[in-house]
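A short worksheet on the structure shown next.
The values are calculated or read from the model by the stated rules, or taken from the named source; none is laboratory data. Predicted, not measured: the structure shown is a model, and the values here were computed from it. When we count neighbours, we look across all protein chains shown, and the Cβ atoms used for this are built from the backbone with ideal geometry, even at glycine.
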Amino acid sequence: KAVDDARKFVRSYLPRVKQMVTDAGGFEVAVGSSGTILNVAEMIRARRGAAPLRQVGKTSFTADGLADVVDDLASRPRVADRLAVPGLDPRRADIILGGVIVLEQVVRGLGIDELVTSDFALREGVLLDVVRRRQAGTLGHLRDLRYESVLHLAALVPGEKEHSERIAALALQLFEGTRHLSALSDEAEEWLEAAALLQNVGLVISHDRHHLHSYYVIRNSELLTGFTDHELEIIALVARYHRKSTPKARHPEYARLHEADQRVVEILSGLLRIAAGLDRTRAGAVSRLRVEGGRGGDPLRILVETAPGADADLELYSARNRKDLLEDALGATVEIEPVPPGLLRTVPAGAAK
């Protein structure tokens, strides 16, 4: 009865909140922050037998998952009994029930199907509000914040900036040129750019096997802002596979992905491996590229424009040796061909021979 009374009490305050949301134009994404909500996310994962998240503020949960947690906690009126709930923070055992009841009613009342969690909370919101007021309401897009956080992490390794940026630029050209075969989203393009900029961040630990260290740094860094745990896993794996081994079923992190996500990792890693090969000497010997063909069983032709006076033989050799993964992922033969400096700026797509 006490739980039912608490639910009714919370519902009595919701009509005004719902009207405020309606007046504001509704919402596309519901975001939850702070201790109770983050602990709910942990309890839901624990109920599924999933491993604890490295960063709990980068996940999501459904209204149904929340309802299961509320029912479980409500069936345990004694604090001592709640301590046995998997994933519950013991420090919240005495207050958690009230918090989840409020959350449950808000989620139901506003028709929220899924809640995305955030590491940021009231403190960051206050700071953001101050910045917005001082900048007359002009703030960068979330993608700008994500991009800046990638650059901050990449800066841990001195001397890699220009090399990584050249590789990222080439990788994005490859992504755009193969989109008709990959059918990947704009989000995947962003993951590729992040992985390209961070592929060598593992050098901060050791040069030996640094691609494996890059995976570890990306997955465990607190500097990356705005990415979900799922996105960080994909970015980290793409960086991990930019050299040496290709994705294998015996690799536990890769094997845990859904099949669709495995395909994303394979394609993005394949693109990144070729892009990395095209700056093998770190001399900027390749200025730009264009992708043609790949339709109707035709080979996928990567036209590589060399910089004036540059010798790109080693770049071409390296890229050709790294194309197998992309060929397998896209189901197409890849041909990498050099073209003279300036040609791709002056010749329309499809006309270069």
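Any residue in the range 298-313 that's within 16 Å of G331 (Cβ to Cβ) and in the same structural domain as L278 (by TED's automatic domain parsing): show its pairings with residues that are at pLDDT below 95 and small (G, A, S) at Cβ separation under 6 Å, as long as the two are six or more apart or on different chains.
Sorted first by the residue in the range 298-313, then by its partner, the pairs are P299/G293; L300/G293; L300/G294; R301/G293.
Which one of these is loosely packed, with under 13 Cβ neighbours inside 10 Å and within 24 Å of A74 (Cα to Cα): D4, D23? Let's see the steps before the verdict.
Numbers: D23 fails: within 24 Å of A74 (Cα to Cα).
Every option except D4 fails the conditions.
Checking R295 against (1) touching a residue at least 12 places away in the same chain (Cβ under 8 Å); (2) within 16 Å of R322 (Cα to Cα); (3) assigned to a loop (DSSP other than H, G, I, E, B), only one condition comes out false. Which one?
(2)
If you go through the range 320-334 one residue at a time, do you hit one that is at negative phi, in a strand (DSSP E or B) and either more than 29 Å from the chain's Cα centre (by Cα) or not polar (S, T, N, Q) (or both)? Please lay out each step first, then the result.
Within the range 320-334, the first condition is being at negative phi, and the residues that meet it are 320-330, 332-334.
From what is left, the residues that are in a strand (DSSP E or B) are 334.
Then keep just the ones that are either more than 29 Å from the chain's Cα centre (by Cα) or not polar (S, T, N, Q) (or both); that gives 334.
Yes, some residue in the range 320-334 is at negative phi, in a strand (DSSP E or B) and either more than 29 Å from the chain's Cα centre (by Cα) or not polar (S, T, N, Q) (or both).
Just name the residue that is nearest to V334 (Cα to Cα) out of those in the range 202-218 that are touching a residue at least 40 places away in the same chain (Cβ under 8 Å) and over 16 Å from the mean Cα position of the chain (by Cα). Full working, then the answer.
Looking only at the range 202-218, we keep the residues that are touching a residue at least 40 places away in the same chain (Cβ under 8 Å), and these are 203-204, 217-218.
Pick out the ones that are also over 16 Å from the mean Cα position of the chain (by Cα) and you get 203-204.
Numbers: L203: 30, V204: 34 Å.
Out of the qualifying residues, it is L203.
Within the range 2-36, track down each residue that is outside any helix (DSSP H, G or I) and either on the phi < 0 side of the Ramachandran plot or in contact with a strand residue (DSSP E or B) (Cβ under 8 Å, 6 or more places away or on another chain) (or both).
If we filter the range 2-36 for residues that are outside any helix (DSSP H, G or I), which is where we start, we get 12-13, 24-34.
Result: S12, Y13, A24, F27, E28, V29, A30, V31, G32, S33.
Return yes when A275 is touching a Ser or Thr at 6+ places or on another chain (Cβ under 9 Å), of a type outside the set (D, E, K, R) and buried (at least 24 other Cβ atoms within 10 Å of the Cβ) and no when it is not.
Values: touching a Ser or Thr at 6+ places or on another chain (Cβ under 9 Å): no; of a type outside the set (D, E, K, R): yes; buried (at least 24 other Cβ atoms within 10 Å of the Cβ): yes.
No; evaluated as a whole, the condition is false for this residue.
Kindly evaluate L14 against the criterion of being within 30 Å of D229 (Cα to Cα) and at pLDDT below 95.
Values: within 30 Å of D229 (Cα to Cα): no; at pLDDT below 95: yes.
Spelling it out, it is not the case that L14 is within 30 Å of D229 (Cα to Cα) and at pLDDT below 95.
Where in the range 179-223 are there helices (runs of 4 or more DSSP H), lying wholly inside it, with at least 1 residues that are of a type in the set (F, W, Y)?
Working: elements: 179-182, 186-198, 210-220.
Helices (runs of 4 or more DSSP H) meeting the threshold: 186-198, 210-220.
Failed condition for N39, given (1) assigned to a helix (DSSP H, G or I); (2) on the phi > 0 side of the Ramachandran plot, with all others met?
(2)
Residue by residue, here is whether (1) assigned by TED's automatic domain parsing to the domain that holds F120; (2) of a type in the set (S, T, N, Q); (3) more than 23 Å from the chain's Cα centre (by Cα); (4) over 16 Å from V106 (Cα atoms) holds:
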position	(1), (2), (3), (4)
S34	yes, yes, no, no
R45	yes, no, no, yes
Q55	yes, yes, no, yes
K58	yes, no, no, yes
F61	yes, no, no, no
V70	yes, no, yes, no
L73	yes, no, yes, yes
D81	yes, no, yes, yes
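Exactly one condition in (1) touching an Asp or Glu at 6+ places or on another chain (Cβ under 9 Å); (2) modelled with pLDDT under 95 is false for V347; which is it?
(1)
Taking R290, is it closer than 17 Å to Q173 by Cα, without any contact (Cβ under 8 Å) to a residue 40 or more places away in the chain and not in a helix (DSSP H, G or I)? If you could, list the steps in order and put the result at the bottom.
Values: closer than 17 Å to Q173 by Cα: yes; without any contact (Cβ under 8 Å) to a residue 40 or more places away in the chain: no; not in a helix (DSSP H, G or I): yes.
Spelling it out, it is not the case that R290 is closer than 17 Å to Q173 by Cα, without any contact (Cβ under 8 Å) to a residue 40 or more places away in the chain and not in a helix (DSSP H, G or I).
Is there a residue being in contact with a helix residue (DSSP H, G or I) (Cβ under 7 Å, 6 or more places away or on another chain), under 21 Å from A51 (Cα atoms) and outside any helix (DSSP H, G or I) anywhere in the range 259-273?
Checked the range 259-273: no residue is in contact with a helix residue (DSSP H, G or I) (Cβ under 7 Å, 6 or more places away or on another chain), under 21 Å from A51 (Cα atoms) and outside any helix (DSSP H, G or I).
Which residues, taken from the range 209-226, are farther than 21 Å from P252 by Cβ and either of a type outside the set (V, I, T) or touching a strand residue (DSSP E or B) at 6+ places or on another chain (Cβ under 6 Å) (or both)? Let's see the steps before the verdict.
Start the filter on the range 209-226 by keeping residues that are farther than 21 Å from P252 by Cβ, which leaves 222-226.
Of everything in the range 209-226, those that are farther than 21 Å from P252 by Cβ and either of a type outside the set (V, I, T) or touching a strand residue (DSSP E or B) at 6+ places or on another chain (Cβ under 6 Å) (or both) turn out to be E222, L223, L224, G226.
Report, by residue number, each residue of the range 177-196 that is free of Cβ contacts under 8 Å to residues at least 40 places away in the same chain and either within 21 Å of E292 (Cβ to Cβ) or of a type in the set (A, V, I, L, M, F, W, C) (or both).
R179, A183, E189
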